[in-house]
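Written out below as structure tokens is the structure these notes cover.
Here, each number is a calculation from the coordinates, and none is a lab measurement. For clarity, every value in this text was computed on a predicted model and none was experimentally measured. Cβ placement follows ideal geometry from the backbone for every residue including glycine, while neighbour counts extend to all protein chains displayed.
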């Protein structure tokens with residue numbers, strides 16, 4: 001009997017994208033998604049890894065491409081990391097998005113996935129902020145904290161695996177310094193991407209083996 005290799009699809013913004021659309025070696029990008037693919041290729045569980053992250057996306061942008069980039073790919077395992085730009089645009093473009101709107105957008109995506117796909121696993125990862133400037137110091141309390149609460153509530157509502165990336169990255173930054181995990185506040189350094197990959201692998205992979 002032939003056992004098919006599960007498809008694990010990762011989608012979101014630039015943190016997931018990591019130049020995957022110009023990646024000549026498989027469209028995985030240079031970040032945590034590629035590292036997860038490397039971990040998979042080195043041992044069980046073997047996964048068919050797909051990256052459909054797009055730099056700059058907010059939940060509204062993800063909604064516009066959800067059918068083509070998620071539903072039509074028919075993943076067995078779907079991982080979503082979104083929310084950094086839903087926060088960031090408030091500060092760099094005066095385009096605030098309330099936690100309520102963020103939650104409504106995100107829930108609609110998950111409803112569409114649940115109704116269209118037979119998922120083995122749904123994985124929601126928290127957006128995160130590790131401040132590197134004085135200006136960014138207030139963004140978590142002003143904006144991101146409520147959005148992280150939304151992600152955690154949606155994970156419970158949709159019976160998803162939840163990975164608390166904000167906690168994981170800020171805890172490491174407190175020990176080793178922000179540069180150990182982050183470049184500009186939201187884009188991970190190489191060390192940050194490794195931390196994300198290891199968090200996903202240790203949390204999700206055992207249930208897929």
Notebook entry, point to check: In the Gaussian network model of the chain, springs joining C-alpha atoms below 10 Å, which of 54, 132, 77 carries the largest mean-square fluctuation?
Noted result: 132
Check: Which order do 167, 126, 76 fall in if you start with the one that has the fewest other Cβ atoms within 10 Å?
Finding: 167, 76, 126
Next item on the list: Give the calculated FRET efficiency between residue 74 and residue 167 to the nearest 0.05, with a Förster radius of 30 Å applied to their Cβ-Cβ distance.
Entry: 0.40
Next item on the list: Report the residues of region 56-71 in range of a label on residue 111: point 7 Å along Cα→C-beta, backbone N strictly under 15 Å from it.
Entry: 63
Next item on the list: Of all alpha-carbon pairs in the chain, indicate the percentage at a distance above 31 angstrom.
Entry: 13
Notebook entry, point to check: What order do you get for 133, 203 when you list them from fewest to most C-beta neighbours inside 10 Å?
Noted result: 133, 203
Next item on the list: Working from Cα positions, state the angle (0 to 90°, nearest 10) between the long axis of helix 165-176 and the longest principal axis of the chain.
Entry: 60
Notebook entry, point to check: Percent of alpha carbon pairs in region 12-90 separated by more than 20 Å?
Noted result: 33
Next item on the list: Would you please state which residues of region 93-118 a label at residue 157 would reach in this model, taking the label point 7 Å out along Cα→Cβ and a backbone N cut-off of under 12 Å?
Entry: 100-112
Checklist line | Helix 32-42 vs. the chain, principal-axis angle (Cα, 0 to 90°, nearest 10) | finding: 30
Item checked: Between helix 190-204 and the chain: long-axis angle, C-alpha atoms, 0 to 90°, nearest 10 -> 50
Checklist line | Calculated [θ] (222 nm, deg cm²/dmol) that DSSP helices of n ≥ 4 give over the chain, each run adding -39,500 (n - 2.57) | finding: -13000 deg cm²/dmol
Next item on the list: Rank these for me by crowding, 193, 187, going from fewest to most other beta carbons within 10 Å.
Entry: 187, 193
Next item on the list: Would you mind computing, in nm to one decimal, how far apart the modelled labels at residue 23 and residue 198 are, each placed 7 Å from Cα along Cα→Cβ?
Entry: 2.0
Check: Which distance in Å, rounded to a whole number, links the C-alpha centroids of region 100-143 and region 5-31?
Finding: 18
Next item on the list: Using the Kirkwood radius over Cα pairs, work out the Stokes-Einstein diffusion coefficient for region 102-209 at 25 °C and 0.890 mPa s, in µm²/s as a whole number.
Entry: 164
Item checked: region 12-64: relative contact order as a whole-number percent, Cα under 8 Å and 6+ apart -> 47
Next item on the list: Just subtract the alpha-carbon distance of residue 142 and residue 184 from 0.36 nm times their residue separation and send over the number in nm, one decimal.
Entry: 13.3 nm
